[in-house]
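**Student:** Can you keep this structure in mind? I'll have questions shortly.
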Amino acid sequence: MSEQIYIIGDVHGCFNTLLELIKQFPDKEKSQICFVGDVIDRGLFSCDVVELIIQNNYKMVMGNHERRLLSNKDFFLKNKIPFDTSWFYNNGGEETYRSYLAQSVGFKQRHIEFLESIPVYLEFKDHKNQNGEHLVVSHSAVGKFWTLRDDDSSRDEFRRHVLSGRGDMMQVEGIFNVYGHTPVREAKLYTNSANIDTGCVFNEEGYDKLSALEFPSMKIYTQKNVENFNKKDKDVVF
């Protein structure tokens, strides 16, 4: 068995819930941790989540919400309404703006540079399960697009799929793919993959917990959401 690594599902700014989940791990905050992306938006503490990842040198892959923030980074740094108003008003961008209100431009720039540096997938070839399959972490399932990752003519198609694709349940021999993106009521373990997005930020029955997979033991950790969804003590001023 390889050293355990803890892959955490879509956090979406739920910082307090994330801290409670990490407390469950045997080595707590010193554990080897990797995030499946979408650590920002919708919840109230995106800034705190990103800073925790940076300070602890945790690993993460990019999600579609990080991509949308980066696409609007010039507006974000100036605290202006972005051109992607659908993301801002309907998909949690405003909450991310709020979480950074007290921060300087330099602080925000440091976070932007970090998010720009993260990949769309990570391979952990030294982390293998009992079947000899090594770990691959991505935001959405790699599925049938896995073979396109090194093809120059198809790399953009692969990138779009692992950031935003849905419904590709193809199991890939030789790897074990852990991902999020599409919320499920309980973490789903398949032959060669696992969906661990249990909809932490969605404060409704069945979709109200943050999950993590311990690999290669395949143990699932869950933490019920402990955020205060009614707290909005900052106003965004444009």
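The values are calculated or read from the model by the stated rules, or taken from the named source; none is laboratory data. Because the structure is a prediction, the values reported are computed rather than measured. When we count neighbours, we look across all protein chains shown, and the Cβ atoms used for this are built from the backbone with ideal geometry, even at glycine. SASA here: full protein model, heavy atoms, side chains in, ligands and nucleic acids out. Shrake-Rupley method; radii C 1.70, N 1.55, O 1.52, S 1.80 Å.
**Student:** Going through region 1-103, which trypsin sites (Lys or Arg not before Pro) have at most 14 other Cβ atoms within 10 Å and a DSSP loop state?
**Tutor:** Those satisfying the criteria are 78, 80.
**Student:** Label-point separation (nm) for residue 24 and residue 155, each offset 7 Å from Cα along Cα-to-Cβ?
**Tutor:** According to this spin-label approximation, the distance is 3.8 nm.
**Student:** While we're here: Hey, any idea what Rg/Rh is for the chain, computing Rh the Kirkwood way over Cα pairs?
**Tutor:** 0.96
**Student:** Suppose we look only past 16 Å in the calculated P(r) of region 77-145. What percent of the Cα-Cα pairs does that tail hold?
**Tutor:** Above the 16 Å cut-off, region 77-145 has 67 percent of its Cα pairs.
**Student:** If each residue of separation counts as 0.36 nm, what is the full-extension length gain between residue 220 and residue 182 once their alpha-carbon separation is subtracted?
**Tutor:** Between residue 220 and residue 182, full extension yields 11.9 nm more.
**Student:** Net charge within 13 Å of residue 217 by Cβ-Cβ distance, Lys/Arg positive one each and Asp/Glu negative one each, not counting residue 217 itself?
**Tutor:** Around residue 217, the surrounding residues sum to 0.
**Student:** Region 80-142 to region 172-212: how many Å between their Cα centroids?
**Tutor:** Result: 17 Å between the Cα centres.
**Student:** Give me a comma-separated list of calculated 3J(HN,Hα) values for region 83-95, in order, Karplus coefficients 6.51, -1.76, 1.60 applied at θ = phi - 60°, integers in Hz, x for any Gly or Pro.
**Tutor:** Per-residue couplings from phi come out as 5, 8, 5, 5, 4, 5, 8, 10, 10, x, x, 4, 5 Hz.
**Student:** Tell me, what is the percent relative contact order of region 14-62, built from C-alpha pairs under 8 Å that lie six or more residues apart?
**Tutor:** 44
**Student:** Provide the percentage of antiparallel DSSP beta bridges, counting only those with both residues in region 108-230; round to the nearest 5.
**Tutor:** If I count the DSSP bridges inside region 108-230, around 65 percent turn out antiparallel.
**Student:** With every protein chain present, what is the per residue accessible area of the chain (1.4 Å probe, Å²)?
**Tutor:** 47
**Student:** In whole percent, how big is the carbon plus sulfur part of the accessible area of the chain, probe 1.4 Å, protein atoms only?
**Tutor:** The computed percentage sits at 45.
**Student:** I've got another one for you. How high is the relative contact order of region 15-146, in percent, with contacts defined as C-alpha pairs under 8 Å that are six or more residues apart?
**Tutor:** 26
**Student:** Using only the alpha carbons of region 125-212, determine the length spanned along each of the three principal axes and report them from longest to shortest in whole angstroms.
**Tutor:** 42, 32, 19
**Student:** How large is ³J(HN,Hα) for each residue in region 62-67, as worked out from phi by the Karplus curve 6.51 cos²θ - 1.76 cosθ + 1.60 (θ = phi - 60°), to whole Hz, x for Gly and Pro?
**Tutor:** Karplus-based 3J(HN,Hα) across region 62-67 equals 6, x, 5, 6, 4, 4 Hz.
**Student:** What are the ³J(HN,Hα) couplings of region 141-148, residue after residue, when phi is run through the Karplus curve with 6.51, -1.76, 1.60 and θ = phi - 60°? Round to Hz, x for glycine and proline.
**Tutor:** 4, 6, x, 5, 8, 4, 5, 8
**Student:** Same structure, new question: At a probe size of 1.4 Å, how large is the accessible area of residue 152, to the nearest 10 Å²?
**Tutor:** Looks like 120 Å² after rounding.
**Student:** What is the gain in length, in nm to one decimal, between residue 4 and residue 89 on full extension, counting 0.36 nm per residue of separation less the C-alpha to C-alpha distance?
**Tutor:** 26.7 nm
**Student:** Normalised by the residues of region 36-96, what does the relative contact order come to in percent, with Cα pairs under 8 Å and at least six apart?
**Tutor:** Reported relative contact order: 47 percent.
**Student:** Only Cα pairs within less than 10 Å get springs; with that Gaussian network setup on the chain, which residue of 214, 20, 116 has the largest fluctuation?
**Tutor:** With Cα springs under 10 Å in the chain, the top fluctuation among 214, 20, 116 is at 116.
**Student:** Calculate the FRET efficiency for residue 130 and residue 203 from the Cβ-Cβ distance with a Förster distance of 45 Å, rounded to the nearest 0.05.
**Tutor:** Efficiency at R0 = 45 Å is approximately 0.75.
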